[in-house]
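The values are calculated or read from the model by the stated rules, or taken from the named source; none is laboratory data. As the structure is a prediction and not an experimental result, all values here were calculated from the model. Every residue, glycine among them, receives a Cβ derived from its backbone with ideal geometry; neighbour counts consider all protein chains shown. These area figures cover heavy atoms from the full protein model, side chains too; ligands, DNA and RNA do not enter into them. Shrake-Rupley method; radii C 1.70, N 1.55, O 1.52, S 1.80 Å.
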Amino acid sequence: MKYIDEYRDKEIVRLLAEEIKKTVTKPIRLMEVCGGHTMSIQKYGIPYLLPEEVELISGPGCPVCVTSRTYIDRAVAYSRLDDVIITTYGDLIRVPGSSSSLDREKANGADVRIVYSILDALMVAKKNRRKKVIFLGIGFETTAPSSAAGIIKAQMAGITNFYLYSAHKVMPPAMETLIDEGVQIDGYIGPGHVSTITGKGIYLNIPEKYGLGVVISGFEPVDLMQSILMLVQQIENKEPKVEIEYTRAVKPEGNVKAQEMLDEVFEYRDDWWRGLGVLENSGLKIRDKYAMHDAEVQISVDVEPLIEPKGCICGDILRGVSKPKDCKLFGTVCTPSDPVGSCMVSNEGSCAAYYLYNR
Amino acid sequence: MKNKFDTILLGHGSGGQLSHDLITDLFTKHFDNDILRQQSDSAILETGKNHLAYTTDSFVVDPLFFPGGDIGKLAIAGTVNDLAVSGACPLYLSVGFIIEEGLSFSDLERVVLSMAEEARKAGVRIVTGDTKVVDRGKCDKLFINTSGIGILDKQHVPISSGSNIKIGDKIIINGSIGDHGMAVMAARNELNISADITSDCACLNGLIKSAMETGAQISFMRDATRGGLGTVISELVKSKNYGIRLMEDRLKVNDGVKGMCELLGFDPIYVANEGKVVMVVAEEDADRVVAVLKQHPSGTQTSIIGEITNDHQGSAWLETLVGGKRIIEMLSGQQLPRIC
């Protein structure tokens, strides 16, 4: 397929692997902070192609995984209300809350619908004017602009029964916190989709303040191998900087229009991340002027008390200090069909990716 | 039943791990007998000189009509194929209709004509049936169940269990993967995708017969339906004393399917097919079988996609397009579209 097959070329990948091997002189750990990268790396078997000096670790790049159980508990509580339709991306419906999940609620009669974009959710709201239609807004800078666009559209079209329940987060605070916490990282494989929106500016702090490189990467095997090579070269040459490998999609300034839309609808708030705790200005809250579409403001509901699962080390896995196989629950008590932690659920979660492709 | 679920979830019908658990922990546990325990596509019944193969399948596809087929064609092909992959010659089918009040007569007629046509092409006869109509909302337009009987030569009995599989055998598939699942998905209006994808839905008994007539040692066959090629492979190798090596560059995925999988974050090896058979054939016979299958309209893109190995006993490994390696596991539930 054009524009994809070129980036899956075995010979180019082999040459890049050779070049990485030639260039690297010491053990290095590179972290990917995008769930799409985690999945690609496992799906294409990239670790098998790298010399033993280069270790890839997965960071907090799966939006479902870093989201709190309380968020799911509240979504479950919303789904139990008679006059509510929950619309959501598919990943979320199996994520366990304290005592239930959206797919269990759906089986018990809740109206939970998988949609592919917020525009589908708006259509549901338009067709069901007597119901409150809540869209579960989750994801980083990648999906947040479409949530913003959805809210603006709902406002303009007078779709007053449409609400967003925001779990949107931004990536840079998490990347800096990991370094502050002393997680051993020698460079970041920067998230491709996030950066198409933000551009490279948001990462400049990382080489300047922490002396670590960031290479913004695409999702195909050639992209990933090229990005790893660029990071290895930066490390060997002691020249940490922000570089873009994914030039066919990422402009240095990003997508300005999407950034403006984000700023129009959202403001920063402190937010809780699994494994990292509360990070300053890392979450996106709907601004007061759009509060009529904010589920948290408009729809009150009793949420059950939080119960965290015992033995689950999702938090350590998201910080890159443990691997899925280090978890006692991995593959025994916790499997994709009956997940304990969120990392086992999402397509992009480290545990799910390891379970499916690398057990 | 040891079960953490107090209700049935959609995932229990996905063909992946949840379905598997439901079948073993509930159905086969309580219906237990030596025939059922084989868990093959068809039950093999000893009746004297020849054996009988007996199978059943229910069809609940939405929408009823999709590019390349409809629920009726599917209901014939699905059951015919379950018999054929057991090494049997399909002969007789039963059909049960569960119809929702309000279904248009012309839609039902279209489905029935399609079934008649497909049965004629496959050389099977529909010899008994049943009809129920339920209140509007109690089923989704039309559900169909078909059961089928075929006869089976004694020497082909081991095919359905794969008990004669040996190291070095080649794994063959008769063409591209993922077409049916993505054709149906694209045909659902909710996605607003217009894709040029046609379901591969087809009766395979003719194709399979031509392979068996070569006299080749075929040690296993299964149609890669729900759960796709990946599920067939992982089920086949589970707790066996051999491993499986698959080569991704040998797998054919049509552009439309590839594009839609990219968009949704799906892995085509887990997407449903309705006209694909996975065959395990002795190494020395494999090329001959491929050549014969290629002559058949449903097999023009047949290729060898892997082999039975001594390494990695009990697990299946895929050599990726770029030379990496990964394991092929059973899917846990439905594939879910990803967020970004």
Exercise. Return the value, in Å² to the nearest 100, of accessible area buried between chains B and A (probe 1.4 Å, both sides summed).
Key: 3800
Quiz item: Could you state the number of Å between the C-alpha centres of segment B:142-183 and segment A:273-337?
Solution: 43
Exercise. Enumerate the calculated ³J(HN,Hα) couplings along segment B:53-69 in order (Karplus 6.51 cos²θ - 1.76 cosθ + 1.60, θ = phi - 60°), each rounded to whole Hz, writing x wherever the residue is Gly or Pro.
Key: 10, 9, 8, 8, 7, 10, 10, 9, 5, 10, x, 5, 10, 8, x, x, x
Quiz item: Along the principal axes of its C-alpha atoms, what lengths does the protein assembly as shown span, in descending order and rounded to whole Å?
Solution: 81, 64, 45
Exercise. Tell me which residues come under 5 Å, amide H to amide H, from B:PHE220 once H is placed; ignore anything under 5 positions away on its chain.
Key: B:VAL280
Exercise. List, largest first, the extents of the alpha carbons of segment B:40-156 along their principal axes, each in whole Å.
Key: 48, 26, 22
Quiz item: Under 12 Å from the Cα of A:LYS200, which aspartates and glutamates turn up, not counting those fewer than eight places away in the same chain?
Solution: A:GLU243, A:GLU245, A:GLU253
Exercise. Would you pull out the residues with amide H under 5 Å of B:LEU142's amide H, same chain only if 5 or more places away, H placed 1.01 Å from N?
Key: B:GLU100
Quiz item: Taking chain A as a Gaussian network, Cα atoms linked when under 10 Å apart, which of A:LEU30, A:LEU81, A:LEU16 shows the biggest mean-square fluctuation?
Solution: A:LEU81
Quiz prompt | Distance from segment A:13-57 to segment A:164-231 (C-alpha centre basis), Å | solution = 16
Exercise. Could you name the aspartates and glutamates whose alpha carbon sits less than 20 Å from that of A:LYS126, not counting residues in the same chain fewer than 8 places away?
Key: A:ASP82, A:ASP83, A:ASP111, A:ASP294, B:GLU190
Practice problem: Just the ratio, please: alpha-carbon radius of gyration of segment A:215-339 over 2.2 N^0.38 Å, N its number of residues. | Solution: 1.47
Practice problem: Working with all protein chains in place, sort A:TYR357, A:TYR48 by solvent-accessible area computed with a 1.4 Å probe, largest first. | Solution: A:TYR48, A:TYR357
Practice problem: Might you report the magnitude of the Cβ-based charge dipole of segment B:40-156 about its Cα centre, with Lys and Arg at +1 and Asp and Glu at -1, to the nearest 20 debye? | Solution: 320
Self-check item: With every protein chain in place, the protein assembly as shown: carbon and sulfur % of accessible area (1.4 Å)
Solution: 50
Self-check item: Threshold 10 Å² - residues in segment A:79-93 whose accessible area is reduced by that much or more when the chain is no longer isolated, probe 1.4 Å
Solution: A:TYR89, A:GLY90, A:ASP91, A:ILE93
Quiz item: HN-Hα J couplings of segment A:281-294 from phi, Karplus 6.51/-1.76/1.60, θ = phi - 60°, integer Hz, Gly and Pro as x?
Solution: 6, 10, x, 10, 10, 6, 5, 4, 5, 10, 4, 5, 10, 9
Self-check item: Whole-Hz couplings from phi, Karplus 6.51/-1.76/1.60, listed for segment B:310-323; x for Gly and Pro
Solution: 7, 6, 6, 4, x, 9, 10, 10, 9, 7, 6, 3, 9, x
Practice problem: Have a look at A:GLY35, A:GLY61, A:GLY201 and tell me which one the Gaussian network model of chain A (Cα, springs below 10 Å) gives the largest fluctuation. | Solution: A:GLY201
Exercise. Give, in nm to one decimal, the length gained when the segment between A:LYS251 and A:LYS26 is fully stretched (0.36 nm per residue of separation minus the Cα-Cα distance).
Key: 77.8 nm
Quiz item: What ranking of B:VAL290, B:VAL60, B:VAL112 comes out by heavy-atom accessible area, probe 1.4 Å, highest first?
Solution: B:VAL60, B:VAL112, B:VAL290
Quiz item: Plugging the Kirkwood radius over Cα pairs into Stokes-Einstein for chain A, at a temperature of 20 °C and a viscosity of 1.002 mPa s, what D comes out in µm²/s?
Solution: 102
Quiz item: Spin-label point model (7 Å from Cα, Cβ direction): what's the B:ARG125 to A:LYS127 distance in nm?
Solution: 4.6
Quiz prompt | Pairs of Lys in segment B:40-156 closer than 25 Å at Cα, counting only those 8 or more apart or on different chains | solution = 6
Quiz item: When the scattering of segment A:1-87 is computed by the Debye formula from its Cα atoms alone, each counted once and equally, what is log10 I(q)/I(0) at q = 0.18 Å⁻¹?
Solution: -0.89
Exercise. Sum -39500 (n - 2.57) across every DSSP H segment of at least 4 residues in the protein assembly as shown, then divide by the residue count to get the 222 nm mean residue ellipticity, nearest 500.
Key: -9000 deg cm²/dmol
Exercise. Please name the residues of segment A:33-64 whose accessible area, counted over protein heavy atoms with a 1.4 angstrom probe, falls by no less than 30 Å² between the chain alone and the full protein assembly.
Key: A:LYS43, A:TYR44, A:TYR48, A:LEU49
Quiz item: Ignoring ligands and nucleic acids, what accessible area does A:ARG104 show with a 1.4 Å probe (Å², nearest 10)?
Solution: 60
Self-check item: Solvent-accessible area per residue, Å², over the protein assembly as shown with all protein chains present [probe radius 1.4 Å]
Solution: 41
Practice problem: In a Gaussian network model over chain A where Cα atoms closer than 10 Å are linked, find which of A:SER227, A:SER98, A:SER58 has the largest mean-square fluctuation. | Solution: A:SER98
Quiz item: Which cross-chain or sequence-distant (5 or more) residues have an amide H under 5 Å from the amide H of B:ALA202, H modelled 1.01 Å from N in plane?
Solution: B:GLY275
Self-check item: segment A:154-234 - Kirkwood radius from inverse mean 1/r over Cα pairs (Å)
Solution: 14.8
Self-check item: q = 0.15, 0.17, 0.19 Å⁻¹, segment B:162-328: log10 I(q)/I(0) [Debye, one scatterer per Cα]
Solution: -0.79, -1.00, -1.21
